[in-house]
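For reference, the structure discussed in these notes is given below.
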Amino acid sequence: MKKYEINKTWQMINDRIKSGEAVVVTAEEIIDIVKKDGPVEAAKQVDVVTTGTFAPMCSSGLFLNFGHSTPKIKASGTWLNNVPAYSGIAAVDCYIGATEPCLDDPLNKVHPGEFNYGGGHVIHDLVAKKQIHLRAIGYGTDCYPNRSIEKKIDLNSISDATLCNPRNCYQNYNCAINMTKKTIYSYMGTLKPLAANANYCSAGSLSPLLNDPYFKTIGLGTKIFLGGGTGYVTWHGTQHSPPAERTEKGVPITPAGTLWLMGDLKQMKPEWLVGVSIQGYGCSMAVGVGIPIPVLNEEMAAFTSVSDEEIFTHIVDYGHDYPKGINKSYGKVSYAELKSGHIQFNGKPIPSVPLSSVVKAREIANILKEWISNGDFLLAEPQFTLSSQ
């Protein structure tokens, strides 16, 4: 077992938070501290590093219980603002996914496959305390004889609303280009022909899983900022795939780990759960997530000090290769290059455009920093950490 000069425990750090003595910095601030003083001294100085990301996260959704009617109903079909929700759970429970489109979206009537409103917008409207039209049908049983109901609901009128996101916080992601001769509309945004632009989706040095690349501190029960409230890591996310390719600092160069996240919608805020419509792709939801990383030793200080210049991703063709499942890279690019607004590709500069917001990611990291510094947010040691290999 490797020995470190600095060894803190989770309890030691939480005791410092409770006493108001904890030193908390953001993932951007720790970079200069480690560069100036080294990881050992940084681990002595700093207790917690906060991270943040805000971007479309399609694999997100909401479990809600909309309450019994009189007479009672066992819903077999449910619609929220005419967006279908899955009802094969129990009598009045349902799950609405962020990418489920509205059945009568006017945009879809004019441009088939285009949607302005979907599940992510319903979730945003609920957390914004707006009323939602609910319609449910049932097939009728002795104990649940009702066959249909319609009513208005809002976040105050329902007893349970649990955000449940099966795949959030991708640990790195592709840089998307389009090598074909026609414009491509994808979940990575609009990609112009012949690699005329490059789109990416990560907060880089602020991104949670890039600051703990081996999941040394993240696992079941990790307490996080989720949608403006408190949430938890409840499992590894779907498509969780620890990478074969890493940088010298251990940072994945390909899409890798993911998180399954849950939290109480009633404590969240609409500015951190925003329904979005992506041209030619459909609906999604932008989700704000922030994870505190405890600086248990100099290893964690070094991990959290990763800069945009040290984080790389592959350039992938979404016009031909990606849809066909072809795993081909057109080179690597750093997040420092991507964030500069242009990258060099085939000997010429092309615009690089983020789908994630670094400004909002920075705001999340600072909010989490404030919560911890004020003693309002304690760290939660995971029951087990997630797989990194």
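Structure notes:
- The chain, dipole about Cα centre (Lys/Arg Cβ +1, Asp/Glu Cβ -1), debye to the nearest 20: 820
- Only Lys, Arg (+1) and Asp, Glu (-1) charged, at Cβ; the stretch 67-157 dipole about Cα centre in debye: 300
- Modelled spin-label separation between Thr247 and Ala128, with each label point placed 7 Å from Cα along the Cα-to-Cβ direction: 3.7 nm.
- DSSP-assigned coil residues among trypsin sites (Lys or Arg not before Pro) in the stretch 295-339, each with at most 14 further Cβ atoms within 10 Å: Lys324, Lys328
- Nearest 10 degrees, 0 to 90: helix 358-373 Cα axis against the chain principal axis: 80
- For the stretch 198-318, a Kirkwood radius taken over Cα pairs fed into Stokes-Einstein (25 °C, viscosity 0.890 mPa s) yields D = 155 µm²/s.
- All Cα-Cα separations within the stretch 67-157 were binned at 5 Å from zero, giving a P(r) of 3, 15, 22, 23, 17, 11, 6, 2, 1, each value a whole percent of the pairs.
- Choice from Ala198, Ala128, Ala98 with maximal GNM fluctuation in the chain (Cα, 10 Å cutoff): Ala128
- P(r), alpha carbons of the stretch 350-389 - 5 Å bins starting at zero, rounded %: 6, 16, 13, 13, 16, 19, 9, 5, 3, 0
- In nm, spacing of pseudo-spin labels at Ser157 and Lys181 (7 Å Cα→C-beta vector): 5.6
- Acute angle (nearest 10 degrees) that the helix 29-45 long axis makes with the longest principal axis of the chain, alpha-carbon atoms: 70
- Set of the stretch 169-202 residues, backbone N closer than 13 Å to the point 7 Å along the Cα-Cβ line of Lys324: 179-181
- Entries in Lys8/Lys249; Lys109/Lys328; Lys192/Lys223; Lys324/Lys360 that, when Cα-Cα distance is taken, lie over 31 Å: Lys109/Lys328; Lys192/Lys223; Lys324/Lys360
- Secondary-structure-derived ellipticity at 222 nm for the chain, considering helices only, amounts to -5000 deg cm²/dmol, per-run term -39500 (n - 2.57) for DSSP H runs with n ≥ 4.
The numbers here are math on the coordinates, done by the rules we state, and not lab data. What you see is a predicted model; the values in this text were computed from it and never measured. With ideal geometry, Cβ positions are generated from the backbone for all residues, glycine too; neighbour counts draw on all protein chains shown.
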